[in-house]
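**Student:** Got a structure for you, questions after.
The values are calculated or read from the model by the stated rules, or taken from the named source; none is laboratory data. Just so you know, these numbers come straight off a predicted model, no measurement behind them. Reconstructed Cβ throughout: ideal geometry from the backbone, glycine too, with neighbour counts over all protein chains shown.
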Amino acid sequence: MAGNNGVPTPEAQMQIDSVGLSFGGVRALSGISFNVYPGTIQAIIGPNGAGKTSLLNCISGLYKPQQGQIRFEGRNLIGLAPHEIARLGVARSFQNIELFRHMTVVENLMLGRHVHMRGGVISGGLYWGAGKREEIVHREFVEQVIDLLEIQDIRKKTVGSLSYGLQKRVELGRALAMDPRLLLLDEPMAGMNSEEKEDMARFILDISEEQRTTIVLIEHDMGVVMDISDNVAVLEFGQLIAYGSPDEVKAHPDVIAAYLGHQHAAH
Amino acid sequence: MEKFIQLTLSGVANGAIFSLVALGFVLIYKSSDVINFAQGELLMIGAYLTYMTVQQFGLFWPIGVVVAVILAAVVGALIESLVLRPLIGEPAISVIMVTIGLSSLLRGIVGAIWGVTPLPAPQFLPRDPVKILGASVGLDKLLAIGLALLLFGLLTLFFRRSNEGIAMRAVADDQQAALSMGISIKRIWAVAWAIAAVTAAVGGILLMSIFGGVSGTIGRVGLLVFPVVILGGLDSIPGAIIGGLIIGLLQAFAGGYLPPELGLGEVVPYVVLILILLVRPYGLFGQTRIERV
């Protein structure tokens, strides 16, 4: 989909344009530019501390980069508050699970519908009229997400009591419940066993294929990344050192150097 | 037996008022981690605003009370946006000091507007004695219990059903996640302060009507919030309600059964405070926090 070789380039859904971010004197990101195309799975890889999560936080509004622009469907995201970006259709999951631990799975997913709800205190409070109809519509959407992620049997469980792998799945579900146009996943498979990883990879592919949701994915498991992504951006020390299809990136000398060390790259 | 019933009912009535005030405190603490030392002053403002609308402006009392409660909500939201919002990201101790300063400031403002001498206030709740199981209790106390229960019910519905209420629970649970769900945390904090001001104001209005007067000392009830929330658990809304009732009852029984010259009714809540801190510092319903130091 990247289309470098004379193939007409599709319209980018998100343009990351010379983004620079510093914390005091530490430069976390410098001059990052690449495009994310609609309906693709865009991976961001790189060694620890390369700035992957910082970049994701810039997109979702938790960090404010000092330089550059991030344009999502034509609109600059930089300067918007995180909740405003969420309302534009950008959902995310976190590297360290951030769920509403005291609520049930269904309640967590229903909170994902928050951006689409408009019911007032009265009708929602009395569960009556428009408030009731609205609740039913959202509940149906949530049930579809539950089916997609195969979490039917835990829907009434309190999230804090679930296993790590299931919590990760619920967090993905909550992001999906927002019906996002862009889904940001920060290490969705970290700490999982190989079976759980396979499931998660399958869910991500399902989401991409069935809903055509654009996905930006940070992941350390190279096998998974190379299997499922359409495009890969490689960061090292806050800079973009390579961008392209998985095969292009795998063959790139700087990437090999970053992952295996410079002596190997010399060959 | 008569005395027991009488003490129980007046204990529950006072306790219900404590619960209302404590509820606002817990709400602010849960949603923003701010310990609000000005909760008693919010109660005082509610009482004085009602004095203003009913006594000074001469509004029919139900209308006057509603107007005063709405004004109290505005005051609460204004305090959040003018005083607390600029403090986001500051250390907890600074925020606590600011709420202590805020309590002095509010007392000063009220003193400047209405003076520092006690003012006679309308006792709009009917006070006719009611016989219950042989004991005689003022109707105003029963109404206070009823009104507090009604407010608890409404707030429960608000938290369970309304978008704002559910968003508030989400913010209390995980702020980062709430942000990424499209919830504006600043807005939720403003709503939390407005509700805290409303529950405290209702408490103040009930106390004013029961006392038949209002003065700056009415805000001292705010101090009782601490035994209540420490007993119930700082972050538990049911804890605030049950804690308030227990403290109210203990106060009534200690004052009624123990020799009055000892004045133990005043002291008992703080004895409970110390005991709970020694035995179960997170309170009856609070979340146990394990911190590694």
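**Student:** Out of segment A:70-98, which residues are of a type in the set (A, V, I, L, M), within 21 Å of residue B:187 (Cα to Cα), out of contact with any Gly (no Cβ under 7 Å at 6 or more places or on another chain) and within 11 Å of chain B (Cβ to nearest Cβ)?
**Tutor:** Matches in segment A:70-98: A:88, A:90, A:91.
**Student:** Residue B:192 is checked against (1) under 30 Å from residue A:58 (Cα atoms); (2) assigned to a helix (DSSP H, G or I); (3) within 14 Å of chain A (Cβ to nearest Cβ) and fails just one. What number does that condition carry?
**Tutor:** So the condition that residue B:192 fails would be (3).
**Student:** Residue pairs, Cβ under 7 Å, 6 or more apart or interchain, first in segment A:146-158 and assigned by TED's automatic domain parsing to the domain that holds residue A:168, second modelled with pLDDT under 95 and of a type in the set (S, T, N, Q). List them.
**Tutor:** Cβ pairs passing all conditions: A:146/A:152; A:156/A:104; A:157/A:104; A:158/A:104.
**Student:** Then there's this: Which pairs have Cβ atoms under 8 Å, sit 6 or more apart or on different chains, and link a residue in segment B:51-63 that is without any contact (Cβ under 8 Å) to a residue 24 or more places away in the chain to one that is crowded, with 17+ Cβ neighbours inside 10 Å and of a type outside the set (A, V, I, L, M, F, W, C)?
**Tutor:** From segment B:51-63, the pairs are B:53/B:64; B:57/B:64; B:59/B:53; B:63/B:53.
**Student:** Is there a residue in segment B:113-135 that is surrounded by 13 or more Cβ atoms within 10 Å (Cβ to Cβ), touching a residue at least 24 places away in the same chain (Cβ under 8 Å) and within 18 Å of the chain's Cα centre (by Cα)?
**Tutor:** The answer is no; no qualifying residue exists.
**Student:** If you don't mind, another one. Got a sec? Which of A:149, A:184 is at pLDDT 95 or above, within 18 Å of the chain's Cα centre (by Cα) and at negative phi?
**Tutor:** That would be A:184, the only listed residue that is at pLDDT 95 or above, within 18 Å of the chain's Cα centre (by Cα) and at negative phi.
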